[in-house]
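Below is one structure, written out as structure tokens; the observations come after it.
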Amino acid sequence: MAGRLEGKVALVTGGGAGIGAATCRRFAEEGALVVVTDVNGDSARRVVAEITAAGGRAEARVQDVTDEPLWDSLVADVVAAHGGLHVLVNNAGIAIPGTVEEVTLADWRLTQAINGEGVFMGTRAAIRAMKESGGSIINISSIEGIIGEAHTAAYNYNKGGVRIFTKSAALHCCKEGYPIRVNSVHPGFILTAMVEEGIGSMPEEIQAEMSERLAREIPLGGAMGEPLDIANGCLFLASEESKYMTGSELIIDGGYTCH
Ligand code: NAI
């Protein structure tokens, strides 16, 4: 039986760890050729080695998503080498905790450069490459792009921006007649290095309050999700099964935002 992404070429940013790595593995299992990019080349190469050992097809590229010229040359390389780009997952992101009073301008700008400008430049480069052949662009936002959190001011700002930017790009593609769908994914609390480090760097009383709150407020089992939960959502958006979806928000959060 053919895989759900057979014949497709997919590029996943921040593919060396966490949600990005799980998405790369899942896409490869379903037949995609996966370009795993990450600012950390070793981690991208590790994920590629796992995929190829399991019989899948993947290649690693070092990419800092804030590098504008690299976006255009990378996408052009992928199209030249593999005959097209059909799926882009703008996944690379960082989370620097801090309230509006605590966050520094430097941290605010760094978050904006990676989580905001990186998504914009990736979406733009992919649209240019996909406008004739078609494709699916998946922007990883967060539940923090829908609800506020006092301790994540810069992150909230950018993830909210990714959510509404996705709708703008989706409408643009429809208006221009490009066969490109653009959707956002909104993970809840998913156990990855980012979450462990983010929660670990908060003051102890806030950490305790956070763990207690997660257990109480995640309706589905009172526990964090795993990267595969998000990878499966990305797989659906990458495949033709979601052909009537664009500008949509796929929330995968164990029911957290139902409150
Ligand atoms: P992670 O920290 O485990 O992995 C992020 C990856 O992005 C790392 O491999 C890192 O090297 C890479 N990266 C960082 N800066 C980069 C840059 N400038 N250019 C290229 N790659 C870069 O993070 P995780 O948890 O897997 O998060 C992935 C995405 O999911 C992020 O956009 C994050 O905001 C989002 N998300 C995560 C949630 C969670 O609970 N883990 C919840 C909601 C959203």
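The values are calculated or read from the model by the stated rules, or taken from the named source; none is laboratory data. All figures in this text were calculated on a predicted structure; none of them were measured in a lab. Reconstructed Cβ throughout: ideal geometry from the backbone, glycine too, with neighbour counts over all protein chains shown. What goes into the accessible areas is simple: the full protein's heavy atoms, side chains included, and nothing from ligands, DNA or RNA. Shrake-Rupley method; radii C 1.70, N 1.55, O 1.52, S 1.80 Å.
Before moving on, here are some points about what is shown:
- Largest-first principal axis extents, alpha carbons of region 1-128, Å: 55, 28, 24
- Whole-Å distance, taken between Cα centres, linking region 156-235 and region 92-146: 12 Å
- On full extension, the segment bounded by D107 and I147 gains 12.3 nm, given 0.36 nm per residue less the C-alpha separation.
- Loop-located chymotrypsin sites (Phe, Trp or Tyr not before Pro) in region 150-246 (DSSP state not H, G, I, E or B) with no more than 12 neighbouring Cβ atoms inside 10 Å: Y244.
- Whole-number Å³ per residue for the convex hull built on Cα positions in region 179-259: 105 Å³
- Rounded accessible area per residue of region 40-183, 1.4 Å, Å²: 45 Å²
- By the rule of a C-alpha distance below 18 Å, with chain neighbours fewer than 8 residues away ignored, the aspartates and glutamates paired with K167 are E117, E144, E176, E249.
- Summing Cβ point charges (Lys, Arg +1; Asp, Glu -1) relative to the Cα centre of the chain gives a dipole of roughly 1040 debye.
- Relative contact order for the chain: 19 percent, from Cα pairs under 8 Å spaced at least 6 residues apart, divided by residue count.
- Portion, in percent, of the accessible area of region 67-116 that falls on carbon or sulfur, probe 1.4 Å: 58 percent
- A simple count of charges around E30, restricted to other residues whose Cβ falls under 15 Å of its Cβ and scoring Lys, Arg +1 and Asp, Glu -1, yields +1.
- Spread over its residues, the convex hull of the C-alpha atoms of region 115-259 is 111 Å³ per residue.
- Cross-link pairs beyond the 19 Å C-alpha cut-off, checked among K131/K159; K159/K243; K8/K159; K8/K175; K8/K243: K131/K159; K159/K243; K8/K159; K8/K175
- Spacing of the two label points (7 Å from each Cα toward its C-beta) at L191 and S168, in nm: 3.8 nm
- For the chain, the mean residue ellipticity at 222 nm estimated from helices alone is -14500 deg cm²/dmol, where every DSSP H run of n ≥ 4 contributes -39500 (n - 2.57) and the total is divided by all residues, rounded to the nearest 500.
- Extent along principal axes [Cα atoms of the chain; Å; largest to smallest]: 53, 37, 35
- Subtracting the Cα-Cα distance of A76 and T52 from 0.36 nm times their residue separation leaves 6.3 nm of extension gain.
- With every protein chain in place, region 1-42: carbon and sulfur % of accessible area (1.4 Å): 48 percent
- Under a model in which nothing but the beta-carbon of Lys, Arg (+1) and Asp, Glu (-1) is charged, region 205-252 shows a dipole of about 120 debye around its Cα centre.
- Extension gain from M210 to T99, taking 0.36 nm per residue of separation minus the Cα-Cα distance: 38.5 nm
- Virtual spin-label span in nm between E6 and M245, 7 Å along Cα→Cβ: 2.2 nm
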